[in-house]
Amino acid sequence: MRALIHKVARLGRSLYARIALVYLTSLLLLSVAVAWIAISQFNQLARELQQRMEIDLAQNLAQVMQPALRQGADSDAARDMAHHILSINPSLSLYVLDENGWVIADYGEPACGLGQQVDPEALETLLGKEPMLPVLTTSPCGDDPGIFSVAPIQHGEQRRPGYLYTDLDNAGQASMFAMLRTSSITRTLVAAGLMALLVSGIFGLVWFALLTRHFSRLTVAVQRFAEGDYGQRIVAPSDDELGRLAKAFNDMAGTIEAQLQALQETDRQRRELIANLSHDFRTPLTSLRGYAEQLLSQGSVLDAERRRTLAAILDNVDRLTRLAQQLSTLARLDADDRPLQREPFSLSELAHDIVGKFQHQARHAGVTLEAACDPELPWVDADLGLIDRVLSNLLDNALHATAAGGKVRLEAEALADGVRLAVIDNGVGIDAEELPMVTQRFYRTRSGLARGDGSGLGLSIVREICERHGTQLKIDSRVGEGTRVSLVLPYARVIEA
Ligand SMILES: Nc1ncnc2c1ncn2[C@@H]1O[C@H](COP(=O)(O)OP(=O)(O)OP(=O)(O)O)[C@@H](O)[C@H]1O
Ligand SMILES: [Mg+2]
């Protein structure tokens, strides 16, 4: 249900919905305007037709009434004659007007027109040669202009000029609304109009849907491209603006894809170079170390200054060797296509081996280094070479951070879901502010910088190795108290003693 509401809300915000809304509103407004114009014109036409048909009505009535009118417009003879006519057609209104259009006799009941004036200009227009119909004027008893028929007469014994005036609107009720109700033609026209409205509405909606579908395709392609599918291309729907947009997208995608491939190639070459260089450094560094140690062993023939120089050379060779090892591991981790070489192995054996390797460095720094692992610890499933690097980096850090007289401990403990490895020291510790940054590449803490050596790569390599193994690196530290770095490795499926 929520998904449906979400879908409808998304459709409501879509370009299609907006275009459809604007189109349907304009169509509706246009239809109302056309209907309004059509109705008023039909009304006008109906009035014109009726006035045209009955234009001679007043003339005919005047011929009948003229003898009686000579006795006076208000004479009994005139009234009798008028009542006779009105009894034949009760919907007629009959008035006698003077030459200025003032009503001097109203034969209707009630006689509401007395004292009113009909516009004499309208009377003369209708009596003129070929008048433009319909001619409208306000009747003596009416409020709105309507059609009429008029004829010149003479009234009274003095034969004064005047007009016989009759309303036609009342007689015919020929309004459009009346026609709408009763005429089959208007009904057919209304039905046809509604049908045209419906068809153009549906046609427009379908057409816009087809048009916006191309936009949707374009959007999907751009989205997929943004998500990393750089092979996305669009078939240009036509040669119009949309087609040109699709072509521009294809060109852009092609350029980006080519540039990306070039970048990937450069990156691959860089990783290969680092991997090769760090590997090729090993042999010369080892022989350099050998020669320097050989020279140092002839201590008796060397003066103190030369011995110091040789010690410094050995120190730098060590730093270079460590850097080459870190870079080699980094290059291996960066190569996503190289999977982990997982194998079951005993962590307690590995821990003791590494602690053994670091004993010399620990003794040199005056730090107690010990391994606390149960020899019966179940085997783990991990990349032995990489875990070796993890432990080496962590022990190297701990030994560097711990002053003479301090203690570094490597612990391995069996948990429900794997073996937890922890390197604990009671060294300088890491400031809480710096803690989130220590696993970033090349980040070195203030105390680390003061130490002088170190490249800031060790912990970032450890974090990446943990991530590749699907485990999390945990660092707890307090300044002045020490640091505890731990991670959990999964058990090997075949558990060996
Ligand atoms: N146990 C620790 N106690 C105190 N500071 C530490 C500890 N472990 C790491 N750090 C500090 O964290 C920073 C990052 O360590 P990292 O191992 O990444 O780099 P590094 O030791 O400087 O160089 P590298 O390990 O590449 O030779 C260093 O400045 C280091 O001093
Ligand atoms: Mg380090």
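The values are calculated or read from the model by the stated rules, or taken from the named source; none is laboratory data. Nothing here was measured: the structure is a model prediction, and the numbers come from that model. Please note: Cβ atoms are built from the backbone with ideal geometry, for glycine as well, and neighbour counts cover all protein chains shown.
Which of the residues spanning the range 325-351 are in a helix (DSSP H, G or I) and modelled with pLDDT of 90 or more?
If the condition is that a residue be in a helix (DSSP H, G or I) and modelled with pLDDT of 90 or more, then LEU347, SER348, GLU349, LEU350, ALA351 are the ones that fit.
Matching residues to (1) surrounded by 15 or more Cβ atoms within 10 Å (Cβ to Cβ); (2) closer than 14 Å to GLU257 by Cβ:
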residue: VAL206; (1), (2): no, no
residue: ALA209; (1), (2): no, no
residue: ARG213; (1), (2): no, no
residue: ALA221; (1), (2): yes, yes
residue: GLY231; (1), (2): no, yes
### Task
Test LEU347 against the stated conditions and say whether it is surrounded by 15 or more Cβ atoms within 10 Å (Cβ to Cβ), touching a strand residue (DSSP E or B) at 6+ places or on another chain (Cβ under 7 Å) and either within 24 Å of GLU464 (Cβ to Cβ) or among the acidic types (Asp, Glu) (or both).
yes
### Query
Under 9 Å by Cβ, and 6 or more places apart or on different chains, what pairs join a residue from the range 476-494 that is without any contact (Cβ under 8 Å) to a residue 24 or more places away in the chain and within 20 Å of SER392 (Cα to Cα) with one that is of a type outside the set (Lys, Arg) and part of a strand (DSSP E or B)?
ASP476/THR483; ASP476/VAL485; ASP476/SER486
### Query
Does the range 459-467 contain at least one residue that is within 16 Å of ligand 2 (Cβ to nearest atom) and closer than 26 Å to ALA404 by Cβ?
yes
#### Entry: Check on ALA422, loosely packed, with under 15 Cβ neighbours inside 10 Å, at negative phi, more than 10 Å from ligand 1 (Cβ to nearest atom) and of a type in the set (A, V, I, L, M, F, W, C)
no
### Message
Yes or no: the range 478-490 includes at least one residue that is more than 8 Å from ligand 1 (Cβ to nearest atom), more than 20 Å from GLY385 (Cβ to Cβ) and touching a Cys at 6+ places or on another chain (Cβ under 8 Å).
### Response
no
### Query
Counting only residues that are in contact with a His (Cβ under 9 Å, 6 or more places away or on another chain), closer than 24 Å to GLY482 by Cα and of a type in the set (A, V, I, L, M), how many does the range 349-389 have?
3
### Query
In the range 395-411, what residues are in contact with an Asp or Glu (Cβ under 7 Å, 6 or more places away or on another chain) and crowded, with 22+ Cβ neighbours inside 10 Å?
ALA398, ALA401, THR402, VAL408
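Can you spot a residue in the range 339-347 that is more than 21 Å from LEU399 (Cα to Cα) and of a type in the set (S, T, N, Q)?
Scanning the range 339-347 turns up at least one residue that is more than 21 Å from LEU399 (Cα to Cα) and of a type in the set (S, T, N, Q).
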### Task
Please give the strands (runs of 3 or more DSSP E) falling wholly within the range 402-497 in which 1 or more residues are polar (S, T, N, Q).
474-478, 482-489
